[in-house]
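Notes to accompany the following structure.
All of the numbers you see were taken from the coordinates with simple rules; none came from a lab. All values reported here derive from a predicted model rather than from experimental measurement. Positions of Cβ are backbone-derived with ideal geometry, glycine not excepted, and every protein chain shown enters the neighbour counts.
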């Protein structure tokens, strides 16, 4: 994949076919040269080796590739890497802190909100963005927020429970702190 | 001290899943996550036409693109005798087309390059000159006189008929119909659908010249079958092939067959001596890989006035696409279609079945289905409801009247299956109570007065899960058993491997629970591995809800072998004879002195450190399990709906599921399977289908056209259980993964048709799109969904 992106070296700096971008990825600033047509999902997966972001449909429908783009869910399979220049991207790998899981992650495990696990990273990031904005959503609000993320295994009922459970836990944590 | 089985994660524990620990961190390991040194990337050129002769293929411009390493066409495959491959149904399928293309999306050429972007560029640069031929998109066209012969590559194939098959008692059934008070008839089409796991298919072939070993990481639900197939197709020695199926992003039957992409990536790796990765895009997956269903029914029930079924006649015509590659292991041409009416006490039945080639994708996989039982049960339940309507009797009552009774087992079905257990009436009554049946009927009548359309639909069925037995089920001659290997280490921890392959079912969690149940070793002390043919025992893989019935039984049996050896070790440690040793969960003790005992962990330690004289050291074993029969879970699904008469849009008001899958290993996981299955049932009933226009263009080739329900549309489900243990399974379990997908659709469709009662419409084909429902309601006639569809709508 050397032609699509590479860490910047002095020799590469003068090439014209690439664009230099700086992307914040899970809190770390990375500067890379990329082909203008490179998709953000591919930069994340092959360039940054963060394979928790999955690509499912290539058409912005399934949401498996959802990342947080400056905190807002975005489907990285139809975002160009160059569009992420100067922006902050959070992937599933940035969801947990070093020592503990995010309540959304715990919720998905506790409520059996996943089976094959392929949609799970995108689903959890969408859920996190919802809870950041709306700490006490109704079931309908959760279902509406998740409606851009497809799951073929679970039937969503346990995912909804997981998100509502995580919301309760987060409220408790924030109330206590 | 007695061990609490639930606390150690044994049978019946809703143990949280082991595999989730990596999935929730984004640390799963799916095929596309694997990167090998020096790896190249493959993309496929697909036919834009459904039926055309290939006049020429010009690959010159593709070769000229920097970074292109190899361009393969059918001609080059043919030079290595790889242009065609055998299918799982004893037909042949083109790997890369040589003479003709026979469906839209068929593989024509492949490019291997340094990265996928270059490979895609090069695919665009390949020029294929086609001479278009008329396309055939349904069986009616396929059987018409003078229809173009799709498979002119085959000798002795003068037409488009694949098979003409029948089963049952024709004469007896004719007599039953002659004696009937009423004959109820129904014609319908179960539309083509696609399993569509979110992860598409893909492979990384890695041929190592220095060892002559081929390793293929790939999306397969059946790695050992693939190894056997690769050995046959590529003529490579089987011990030099290693198939690894890593984490799978769903399967649902789609990842059972061998696809051209796998074969081409393997040849490319052998030729280039570098790893070659192929990851299919979504469109490629939807238009070229294994579909499900696409069967037409003419059904008739011979009835007594009171609703008793006297005989069943079913006539099916199935559309298999361009190659007969149904992935099913039975000797029966249309899978287990003749499991229909197994839950009813029907004296006689006859099924005729004809299969046809068309210019559509091949496949015929068991999409969350035990080989055509989804169609069988849908046909059955639609026919039963139509009969109730024709006779003017209650839809619950007709089922009560015809159910096989609890004391009638074992029961021989009209088509010859042997069902062994069930409490059908109890399940139905539980479902009716949960949905509030009588109240709803009153509500419905009240609503009708106000112009509102409410309906209730019931679907009850028992289905055969867990192929085989080996007498009747095999793939490529390999019998349908399954296997488990258990190694207990000296500290009492263990590793278990099976021949199954989880795609989300949670085997890493549940298999350990079976071992915990048999040996008393805590589930958390057991690691489960599957999917690597170099390490896993030979097995037939996971599909058709066969894992728990077959591999799960093998897990029990291997654990019991381990326990038998541990008992001898215990006798040695306790210094008594083996006959004086008793077992309780996790511990052997002296019968006459129960306080005197040794734990299974102490026995494990002794197996490596203090072995009795003359005994083979170690505590390892394996088991191959050939089930004596299929397992027969029962389900009752009841849905209530309301139709908006102005738009034809219908909403699910309530959905109740009563499932009897025997003993539940992990209730949480069982419920997850049921809810997932119900959602796919709802999907097929409401929106999800693959169809074609009259030129054979696939309508439904991406997620903008192929609609899957989201969290917003999907209704909530209320689950109930009945437990009738399977009499022949070691722990009394039955299959469950697909019951809801199989039985669910008829509940939704029956509910909508119930709401339309009196409108003059007997059937609307799935999916029940609002425009179809509106048409049925306002025009008062049946609505067919069979292709060619209207393209002006």
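If you take the Cα centroid of region B:244-310 and the Cα centroid of region A:39-105, the two points sit 29 Å apart. Taking every DSSP beta bridge that has both ends in chain B, the antiparallel portion is near 80%. For region B:433-482 versus region B:536-591, the inter-centroid distance based on Cα atoms is 37 Å. The mean sequence separation of alpha-carbon pairs under 8 Å and at least six residues apart, normalised by the residue count of chain A, gives a relative contact order of 21 percent. Neighbour counts of other Cβ atoms within 10 Å put A:146, B:70 in the fewest-to-most order B:70, A:146. Peptide B:673-680 is shielded by partner chain Cβ atoms: per residue, an average of 5 of them sit within 10 Å of its Cβ.
Going from the fewest other Cβ atoms within 10 Å to the most, the residues B:409, B:103, A:69 appear in the order B:409, A:69, B:103. Listed from fewest to most Cβ neighbours within 10 Å, the set B:418, B:267 follows the order B:418, B:267. Where is the GNM fluctuation largest for chain A (alpha-carbon springs, 10 angstrom cutoff): A:59, A:91, A:22? Answer for the Gaussian network model of chain A: A:59. Separation of region B:140-175 and region B:398-425, taken as the distance between their Cα centroids, equals 33 angstrom. When shorter helices are ignored and each DSSP H run of at least 4 residues is given -39500 (n - 2.57), the per-residue value for chain A at 222 nm works out to -8500 deg cm²/dmol.
Of the beta bridges in region B:137-291, as assigned by DSSP with both residues counted there, near 70 percent are antiparallel. If I fit a long axis through the Cα atoms of helix A:120-133 and take the longest principal axis of the Cα atoms of chain A, what angle between them do I get, 0 to 90°, rounded to 10? On a 0 to 90 degree scale, this one is about 70. With one equal scatterer per alpha carbon and no solvent term, the Debye-computed log10 I(q)/I(0) for region A:103-172 at 0.12, 0.16, 0.26 1/Å reads -0.23, -0.42, -1.20.
Based on alpha carbons, the Rg and Dmax found for chain B are 27.5, 87 Å.
Relative contact order for region B:437-555: what is it in percent, counting Cα pairs under 8 Å that are at least 6 residues apart? Mind showing how you got there, number by number?
Numbers: 168 pairs, mean separation 33.9, N = 119.
Across region B:437-555, relative contact order equals 28 percent.
Taken over region B:350-461, the ratio of Cα radius of gyration to 2.2 N^0.38 Å equals 1.36.
Rounded to the nearest whole Å³, what is the per residue volume of the convex hull around the Cα atoms of region B:355-416?
On the way: hull volume 9.3 nm³, N = 62.
Dividing the Cα hull volume of region B:355-416 by its residues yields 151 Å³.
Dividing the alpha-carbon Rg of region B:283-341 by 2.2 N^0.38 Å yields what?
Details: Rg = 15.9 Å, N = 59, 2.2 N^0.38 = 10.4 Å.
Cα Rg divided by the expected 2.2 N^0.38 Å: 1.53.
Give the Debye-formula value of log10 I(q)/I(0) at each listed q (0.09, 0.12 Å⁻¹), with one equal scatterer per alpha carbon of region A:32-177, two decimals each. Calculated log10 I(q)/I(0) at the listed q: -0.26, -0.47. Only Cα pairs within less than 10 Å get springs; with that Gaussian network setup on chain A, which residue of A:61, A:28, A:158 has the largest fluctuation? Of the options given, A:28 has the highest mean-square fluctuation. A compact globular protein would have a Cα radius of gyration near 2.2 N^0.38 Å; the ratio found for region B:511-607 is 1.25. The GNM of chain A, with springs linking C-alpha atoms under 10 angstrom apart, assigns the highest mean-square fluctuation among A:147, A:99, A:76 to A:99.
Got the relative contact order for chain B handy, in percent, Cα pairs under 8 Å and 6 or more residues apart?
On the way: 2051 pairs, mean separation 125.9, N = 793.
The value is 16 percent.
Secondary structure note: in region A:5-94, about 90% of the DSSP beta bridges are antiparallel. Shape summary: region B:683-793 maps onto an equivalent ellipsoid whose semi-axes, from the alpha-carbon gyration tensor, are 32, 20, 13 Å in decreasing order. The percentage of C-alpha pairs in region B:1-147 whose separation is greater than 24 Å is 55%.
Per Stokes-Einstein, at 10 °C and 1.306 mPa s, what whole-number D in µm² s⁻¹ belongs to region B:126-284, with the Kirkwood radius over Cα pairs as the hydrodynamic radius?
It diffuses with D of about 79 µm²/s by this estimate.
For the protein assembly as shown, go through all pairs of different Cα atoms, get the mean of 1/r, take its inverse, and jot down that Kirkwood value in Å. The answer is 29.3 Å.
State the percent of C-alpha pairs, over all pairs in region A:5-94, separated by a distance greater than 21 angstrom. Could you put the intermediate results ahead of the total?
Numbers: 941 of 4005 pairs.
Tail fraction, whole percent: 23.
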